[in-house]
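Here is the structure we will look at, set down as structure tokens.
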Amino acid sequence: MKDSSAEKKKSGQLDSDIYQEMFGAILEQRLVPGTKLSEDALCEIFNVSRTTIRKVLQRLAHEKVVEIQPNRGAFVAEPTPEEAMDVLEARRVIEASVMKSAAQKATPADIKRLKNMIGREEKAIEKGEHSKWVALSGEFHLELARIANNHTLEEFLRELVSRTSLIHVQYQSNKIAAQSCSCDEHQDILKAMEAKDVDLAVDLMGMHLQAIEQSLHLSEEKGDEDLYRIFSRDTGSGASRTSGEG
């Protein structure tokens, strides 16, 4: 019984590791909308069984960042313009509540952590690392949800942030301008939090999300990417660190 329990725990950790690798690749825009997620390729890349890959793909599909199409397989989701608008509208509603609670509850340690996160955003912008900035920007919003200490809202927001990443890569044209403006807006939100001006923080978050929406051109599309390149050692992904199943 102990051996069986240990094996299940090991298998569950393996599933989680691969999920995190793939989720991170989507958040960082290394996996772009429309990319075909070949089960054979992923099994080879991560050195695991088809069963494991299917469980990971099902989890990502549940979070609506992957689409599983009958007789065709799995693909990174391609949000339609209507879906993009729905996602951003949902974020405005959820993040207004998150922002209000986070601004009320934030401690000096929380403020310091957010400042450090914005600092990393600024460095990514300076180096022209758009994909890294996207991931860091999303983490800023998720950190606010953690500060708000509402696990349900944090779970909803995690899905919406990952879907927004797909929307960014598919519909945003002027990425450099979007980076700089977004980082400045994060700074303004943080200043309002430091001042304990809850209403201003909520208003600034609403304007920030509205600016994201206005930066989109809801007619542009991107092509596929190569799975082996995305999860190669050169990308710094953890694929090479994932052990195989027995």
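The values are calculated or read from the model by the stated rules, or taken from the named source; none is laboratory data. Computed from a prediction, not measured in an experiment: that's the story for all the values here. We place every Cβ from the backbone using ideal geometry, glycine too, and count neighbours over all the protein chains shown.
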Please work out which residue is nearest to residue 18 (Cα to Cα), limiting yourself to region 39-91 and to residues that are exposed (fewer than 15 other Cβ atoms within 10 Å of the Cβ) and basic (Lys, Arg).
-> 50
Residue 71, sole failed condition from (1) of a type outside the set (Asp, Glu); (2) in a helix (DSSP H, G or I); (3) out of contact with any Phe, Trp or Tyr (no Cβ under 6 Å at 6 or more places or on another chain) | (2)
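Suppose the filter is closer than 29 Å to residue 35 by Cβ, of a type in the set (Lys, Arg), more than 15 Å from the chain's Cα centre (by Cα) and surrounded by fewer than 20 Cβ atoms within 10 Å (Cβ to Cβ); does residue 123 pass it?
For residue 123, the condition - closer than 29 Å to residue 35 by Cβ, of a type in the set (Lys, Arg), more than 15 Å from the chain's Cα centre (by Cα) and surrounded by fewer than 20 Cβ atoms within 10 Å (Cβ to Cβ) - is met.
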List pairs: first in region 135-157 and without any contact (Cβ under 8 Å) to a residue 12 or more places away in the chain, second hydrophobic (A, V, I, L, M, F, W, C), Cβ under 9 Å, 6+ apart or cross-chain?
-> 146/102; 151/145; 155/145
Residue check for residue 121: in contact (Cβ under 8 Å) with a residue 60 or more places away in the chain, in contact with a Cys (Cβ under 7 Å, 6 or more places away or on another chain) and among the charged types (D, E, K, R) | yes
With the first residue restricted to region 54-71 and required to be assigned by TED's automatic domain parsing to the domain that holds residue 14 and of a type in the set (Val, Ile, Thr), and the second required to be surrounded by 17 or more Cβ atoms within 10 Å (Cβ to Cβ) and assigned to a strand (DSSP E or B), Cβ contacts under 6 Å at 6 or more apart or on different chains are 66/74; 68/74
What are the pairs, 6+ residues apart or on separate chains, where a residue within region 86-98 that is in the same structural domain as residue 160 (by TED's automatic domain parsing) has its Cβ under 6 Å from a residue that is among the basic types (Lys, Arg) and surrounded by 15 or more Cβ atoms within 10 Å (Cβ to Cβ)?
-> 87/163
If you take the residues of region 93-138 that are of a type in the set (Val, Ile, Thr) and more than 15 Å from residue 149 (Cβ to Cβ), which of them is modelled with the lowest pLDDT?
-> 134
